[in-house]
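Take a look at the structure below.
The values are calculated or read from the model by the stated rules, or taken from the named source; none is laboratory data. The model shown is predicted, which means the values in this text are computed figures rather than measured ones. Every residue, glycine among them, receives a Cβ derived from its backbone with ideal geometry; neighbour counts consider all protein chains shown.
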């Protein structure tokens, strides 16, 4: 898989992100497998054509690669992992909305009461852990 520095990937829509979540969960999948997984948690089913359009868009955006198996079957696989994609998205939001400041991002979440006491403690623990790792590497 290529890394962030190797290629540019345009942003994903919410619908595309849902498709990617299925692909990441399965590792690789056919249109039918993606459609079945998406429809398992929906009140109204998505049409096969709708799923195909989302898969094609993700391929064009370089989030997916397609491999032909047999005469009519295509397998879709991610070009990056969920963690890398999440980091790309978080970095993009931090840069565009918070002027590149992680502190401003966390402050905003805190002020909007989006962080529970448990999450705040986990952030404290994470910062301590990161400081320890930094000190060990210094």
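Residue-wise test of (1) in a loop (DSSP other than H, G, I, E, B); (2) surrounded by 14 or more Cβ atoms within 10 Å (Cβ to Cβ); (3) modelled with pLDDT under 90.
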| site | (1), (2), (3) |
| --- | --- |
| 35 | no, yes, no |
| 43 | yes, no, no |
| 55 | no, yes, no |
| 65 | no, yes, no |
| 90 | no, no, yes |
| 124 | no, no, no |
| 128 | no, no, no |
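Mind telling me which of the residues 94, 50 ends up being assigned by TED's automatic domain parsing to the domain that holds residue 21 and either at negative phi or outside any helix (DSSP H, G or I) (or both)?
On the way: 94 fails: assigned by TED's automatic domain parsing to the domain that holds residue 21.
Residue meeting the stated conditions: 50.
Pick from the stretch 102-122 the residues that are within 21 Å of the chain's Cα centre (by Cα) and not in a helix (DSSP H, G or I): which of them is surrounded by the fewest Cβ atoms within 10 Å (Cβ to Cβ)? Only one residue fits best here, namely 114.
Listed by first and then second residue, the pairs linking a residue in the stretch 20-33 that is within 14 Å of residue 63 (Cα to Cα) to a residue that is in a loop (DSSP other than H, G, I, E, B), with Cβ atoms under 9 Å apart and 6 or more places separating them unless they lie on different chains, are 20/12; 20/63; 23/63; 24/81. When 31, 53, 60 are screened for being closer than 22 Å to residue 11 by Cα and in contact with a helix residue (DSSP H, G or I) (Cβ under 8 Å, 6 or more places away or on another chain), only 31 passes.
For residues that are surrounded by 14 or more Cβ atoms within 10 Å (Cβ to Cβ) and in contact with a strand residue (DSSP E or B) (Cβ under 7 Å, 6 or more places away or on another chain), scanning just the stretch 67-88, find the one that is farthest from residue 30 (Cα to Cα). Reasoning before the result, please.
Of the stretch 67-88, the ones surrounded by 14 or more Cβ atoms within 10 Å (Cβ to Cβ) are 74-80, 84-85, 88.
Right, trim to in contact with a strand residue (DSSP E or B) (Cβ under 7 Å, 6 or more places away or on another chain) and you get 74-79.
On the way: 74: 6, 75: 5, 76: 6, 77: 9, 78: 12, 79: 15 Å.
Ranking the qualifying residues of the stretch 67-88, first place goes to 79.
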